[in-house]
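Reviewing the structure listed below.
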Amino acid sequence: MERVPILEIEGILLVSIQIDLHDQSVLALQEDLAERICASGAHGVVIDISAVEIVDSFIGRMFATIASLSRLFDADTVVVGMRPAVAITLVELGLTLGGVRTALNLERGMRILRELGARRRGPR
């Protein structure tokens with residue numbers, strides 16, 4: 001089973017999904033992310049799904065689960081690069097992705113997480 005790499009940039013973990021996600025790879029990603037957030041103290045997670053062409057209800061729920069896991073470790077989650085077909089499918093499946101922020105691209109997602117991190121740290 002191929003694992004999804006997790007990069008760290010300025011306290012933000014970046015997950016770029018470039019493989020077809022199957023149930024086992026999704027579960028491994030959730031576990032790997034939880035471990036990395038805990039070990040690194042990251043304040044944010046960006047999940048880039050620009051290469052994802054189709055989703056099912058399990059994959060859709062994975063985004064909400066990752067956001068919930070991240071919150072438990074005091075990190076925010078932003079999903080970036082969602083294609084219109086993926087967004088339509090998620091709506092048709094009735095998945096609201098509660099607690100998951102979205103942004104059009106990686107740059108905007110990183111900006112959102114930097115701003116949230118700065119607010120969390122407060123004025124210096």
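The values are calculated or read from the model by the stated rules, or taken from the named source; none is laboratory data. Treat the numbers as computed from the prediction; the structure is a model and nothing was measured. Here the Cβ is made from the backbone with ideal geometry for all residues, glycine too, and neighbour counts use every protein chain on show. Note: accessible area is taken over every heavy atom of the protein model, side chains too, but ligands, DNA and RNA are not part of it. Shrake-Rupley method; radii C 1.70, N 1.55, O 1.52, S 1.80 Å.
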A careful count of residues in region 27-36 that are among the aliphatic types (A, V, I, L, M) and under 12 Å from the mean Cα position of the chain (by Cα) gives 3
**OP:** Determine, yes or no, whether M110 is closer than 18 Å to D20 by Cα and touching a residue at least 12 places away in the same chain (Cβ under 8 Å).
**Re:** no
Every listed condition ((1) of a type in the set (S, T, Y); (2) closer than 16 Å to L116 by Cβ; (3) open to solvent by 10 Å² or more (accessible area, probe 1.4 Å)) holds for T96 save (2)
When every residue in region 1-37 that is among the polar types (S, T, N, Q) and open to solvent by 20 Å² or more (accessible area, probe 1.4 Å) is compared, the one farthest from G109 (Cα to Cα) is Q24
All-but-one check, G60 against (1) open to solvent by less than 90 Å² (accessible area, probe 1.4 Å); (2) touching a strand residue (DSSP E or B) at 6+ places or on another chain (Cβ under 7 Å), failing number (2)
Within region 71-96, the residues that are modelled with pLDDT of 90 or more and either outside any helix (DSSP H, G or I) or touching a helix residue (DSSP H, G or I) at 6+ places or on another chain (Cβ under 7 Å) (or both) are F73, D74, A75, D76, T77, V78, V79, V80, G81, M82, R83
Residue hits (region 24-68; part of a helix (DSSP H, G or I), in contact with an Asp or Glu (Cβ under 7 Å, 6 or more places away or on another chain) and hydrophobic (A, V, I, L, M, F, W, C)) are F58
Within region 69-78, the residues that are acidic (D, E) and either in contact with an Asp or Glu (Cβ under 9 Å, 6 or more places away or on another chain) or surrounded by fewer than 21 Cβ atoms within 10 Å (Cβ to Cβ) (or both) are D74
Of the residues in region 99-124 that are open to solvent by 80 Å² or more (accessible area, probe 1.4 Å) and assigned to a helix (DSSP H, G or I), the one that is farthest from V55 (Cα to Cα) is R121
Of the residues in region 60-93, those that are closer than 20 Å to E115 by Cα and among the aromatic types (F, W, Y) come to F73
